1. Looking at (1) over 33 Å from the mean Cα position of the chain (by Cα); (2) within 22 Å of THR86 (Cβ to Cβ), find the lone condition where LYS37 falls short.
2. Go through the range 97-119 and report how many residues are outside any helix (DSSP H, G or I), open to solvent by 100 Å² or more (accessible area, probe 1.4 Å) and modelled with pLDDT under 75.
3. Search the range 107-124 for residues that are without any contact (Cβ under 8 Å) to a residue 40 or more places away in the chain and pair each with any residue that is of a type in the set (Ser, Thr, Tyr) and open to solvent by 60 Å² or more (accessible area, probe 1.4 Å) when their beta-carbon atoms are under 8 Å apart and the residues are at least 6 apart or on different chains.
4. Give me the residue from the range 85-114 that is β-branched (Val, Ile, Thr) and within 31 Å of the chain's Cα centre (by Cα) and, out of that set, farthest from ALA132 (Cα to Cα).
5. What are the residues in the range 121-164 that are in contact with a Phe, Trp or Tyr (Cβ under 7 Å, 6 or more places away or on another chain), in a loop (DSSP other than H, G, I, E, B) and under 13 Å from LEU177 (Cα atoms), if any?
6. What residue, among those in the range 150-161 that are open to solvent by 40 Å² or more (accessible area, probe 1.4 Å) and of a type in the set (Asp, Glu), is farthest from ASN111 (Cα to Cα)?
7. Which residue, of ASN162, ASN204, ASN174, is out of contact with any helix residue (DSSP H, G or I) (no Cβ under 9 Å at 6 or more places or on another chain) and either among the basic types (Lys, Arg) or modelled with pLDDT under 55 (or both)?
8. State yes or no: is ASN147 surrounded by fewer than 17 Cβ atoms within 10 Å (Cβ to Cβ) and closer than 16 Å to ARG106 by Cβ?
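The values are calculated or read from the model by the stated rules, or taken from the named source; none is laboratory data. Here the structure is a predicted model, which means the values were calculated and not measured. For neighbour counting, all protein chains shown are included, and Cβ atoms are generated from backbone atoms with ideal geometry for every residue, glycine included. Just so you know, the surface numbers come from the protein's heavy atoms only, side chains and all, with ligands and any DNA or RNA stripped out. Shrake-Rupley method; radii C 1.70, N 1.55, O 1.52, S 1.80 Å.
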Amino acid sequence: MEYNTEKDRLVISEYGRNVQNLINYAKTVEDKELRQKYAERIVALMYQMNPQNKNINNYRAKLWSHLLKIADYDIEVDAPEDSILTKEDAIKPEVMTYPKGAKRYRHYGRNVLELIKKATAMEDGPKKDAFAETIARYMKLAYRTWNREHYVSDELIIEDLNKMSQGKLSLGDNYDLNIGKDERDTNTRRHTNNNNRKTNYRKNNNPRYSNTRNKKRR
């Protein structure tokens, strides 16, 4: 038995090994006209494998580009002008680096870190203070998005803002950072009252606590 790991690497795995074998065979065809017809049939087969993409602009040219890539650009065929005909034209995008940030405060999001950097670079004054307050309000909104069960205090947000800015942004204790009405404490009390009502309802309707039953016993 021959395992796939022992075979040649698939250049474009979505077309499978059979298509790659057909393209490799087409490279060995010496007659140019016959080789061209063979390549066109391979492109038609590749087209049938993904018919949902037929409405994409220049899709045929894309398929020819894939055929040339699988052939390592070592096949002489007449492909559409929009196709990538040489290896030099196949520009490989640069690897994107994953953004690194503080893991402890990642629930606020990277945009908050960028806003804090911008705020710390500003000159001291009312504009900087207003900007810091806006950041703190957004931080509380983001914190509440990830922590729906508990109330988030303003003191915690102000403390985190001070630590994330390395002490360069600070707000007083008299700030109200609520953007909208937060009814979590009210909902908690309401839920507790509902549970008490259910308990009382069971107790009042239980025959063990029924006054009528007690009267019959007497």
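1. (2)
2. Residues of the range 97-119 outside any helix (DSSP H, G or I): 97-102, 109.
With open to solvent by 100 Å² or more (accessible area, probe 1.4 Å) added as a condition, the list becomes 97-98, 100.
Next, from what is left, pick out any that are modelled with pLDDT under 75: 98, 100.
The number of residues fulfilling the criteria is 2.
3. LEU115/TYR138
4. Here the answer is ILE91.
5. Across the range 121-164, the qualifying residue is only VAL152.
6. Among those that are open to solvent by 40 Å² or more (accessible area, probe 1.4 Å) and of a type in the set (Asp, Glu), it is GLU155.
7. Details: ASN162 fails: either among the basic types (Lys, Arg) or modelled with pLDDT under 55 (or both); ASN174 fails: either among the basic types (Lys, Arg) or modelled with pLDDT under 55 (or both).
When all the criteria are applied, what remains is ASN204.
8. In short, yes.
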